[in-house]
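Scroll down for the structure; my scribbles are underneath it.
The values are calculated or read from the model by the stated rules, or taken from the named source; none is laboratory data. Since we're looking at a predicted model, the values are computed, not measured. Ideal geometry is used to build each Cβ from the backbone, glycine not excepted, and the neighbour counts take in all protein chains shown. Side chains are part of the model used for accessible areas, which takes the heavy atoms of the whole protein and leaves out ligands, DNA and RNA. Shrake-Rupley method; radii C 1.70, N 1.55, O 1.52, S 1.80 Å.
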Amino acid sequence: MEKIQLNISDVLATVSRADIEALAPEAAKSLAKLTDHSGLGNDFLGWVKLPTSTDEKLLNDIEATAKALREDCEYVVAIGIGGSYLGAKAVIEALGNSFAAYLPGAPKVLFAGQNIGEDYLYELQQLLKGRKFGIIVISKSGTTTEPAIAFRLLKEQLEQQAGKDEARKRIVAITDAKRGALRTLATSEGYKTFVIEDNVGGRFSVLTPVGLLPIAVAGYDIKALVEGAREMEKATLSGKDMSAVTYAMTRNALYRAGKKIEILVNYNPKLHFFGEWWKQLYGESEGKDHKGIFPAAVDNSTDL
């Protein structure tokens, strides 16, 4: 399996290799805090060893649920915002055919609840009118404004078009294990559910049911995706692959040298939403206490 490569040669005109390597002790301490859960925010570090802690039973359940939705629906709408949307969107776009919307095959995975645009919701409902569709609703609380509005409208439409009993079979809720408005509704209505673990923040959730179910519905091999993540987890935490640590040291050396903006550039249109996801992941994680690198993403050669 090919692994992502890191080449820092072009930054050495700005910061020296010695500047970067001087940060090795700090990097080692930071990595240790991630692995032993000793730093601030340690109650949200479930993502660090998430790939190796994900068991086959859960993956099989996700695949079976995706298969049922694929067989029953022309369209499946994933309702979520932020990390509950961007990770799955990034993977589906990156792996997909640029013209998938015009090709027959797997059900089309659509997204809602990531904005509050009335035109968007109206046009989505018009598209789904008279069609067989399902819903994956993603929210820990069930009360986040944008997803709550989208779910209320689409749930009502699905029940009107298919009947309550059939609609119940085509709605999957991914939410808190015990509490929240969506958990209460899912339990009372009898929806199929998956759990968002308390120790995994939304922006890190692509390798949980939050991301894996929409990705599986779109027709991609989630077991291969998780296996690749497992390999990188083991290589990174064991020190066999130092790419992540070297990257962290390099960008911190640049930051301390006054470089406050980081740009992720792609030359493949399929990676546009990977950039959007990366911006949210980095911006939300690092933008604390008036510190942090500003993440920007561009699509070249358009933005060039």
inquiry  = Report every pair of residues separated by at least 6 positions or lying on different chains whose Cβ atoms are under 7 Å apart, first residue within the range 184-200 and within 15 Å of Lys155 (Cα to Cα), second part of a helix (DSSP H, G or I) and open to solvent by 30 Å² or more (accessible area, probe 1.4 Å).
reply    = Glu189/Arg168; Gly190/Arg168; Tyr191/Arg168
ask   = Taking the range 1-25 on its own, how many of its residues are touching a residue at least 24 places away in the same chain (Cβ under 8 Å) and among the acidic types (Asp, Glu)?
value = 2
task = Give just the number: which of (1) under 22 Å from Gly96 (Cβ atoms); (2) of a type outside the set (Asp, Glu); (3) surrounded by 15 or more Cβ atoms within 10 Å (Cβ to Cβ); (4) touching a residue at least 60 places away in the same chain (Cβ under 8 Å) does Lys279 not satisfy?
result = (4)
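So, in the range 117-137, how many residues would count as being touching a strand residue (DSSP E or B) at 6+ places or on another chain (Cβ under 9 Å) and under 22 Å from Gly163 (Cα atoms)?
We begin by selecting, within the range 117-137, every residue touching a strand residue (DSSP E or B) at 6+ places or on another chain (Cβ under 9 Å); these are 120-121, 124, 127-128, 131-137.
Then drop every residue that is not under 22 Å from Gly163 (Cα atoms), which leaves 121, 124, 127-128, 131-137.
The qualifying residues number 11.
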task = State all residues of the range 128-145 that are surrounded by 14 or more Cβ atoms within 10 Å (Cβ to Cβ) and modelled with pLDDT of 95 or more; if no residue qualifies, say none.
result = Leu128, Lys132, Phe133, Gly134, Ile135, Ile136, Val137, Ile138
task = Please state which of the following conditions Tyr122 fails to meet, knowing it meets all the rest: (1) within 25 Å of the chain's Cα centre (by Cα); (2) over 24 Å from Asp198 (Cα atoms); (3) surrounded by fewer than 14 Cβ atoms within 10 Å (Cβ to Cβ).
result = (1)
message = Out of everything in the range 19-49 that is assigned to a loop (DSSP other than H, G, I, E, B) and open to solvent by 90 Å² or more (accessible area, probe 1.4 Å), what residue ends up being farthest from Ala235 (Cα to Cα)?
response = Leu40
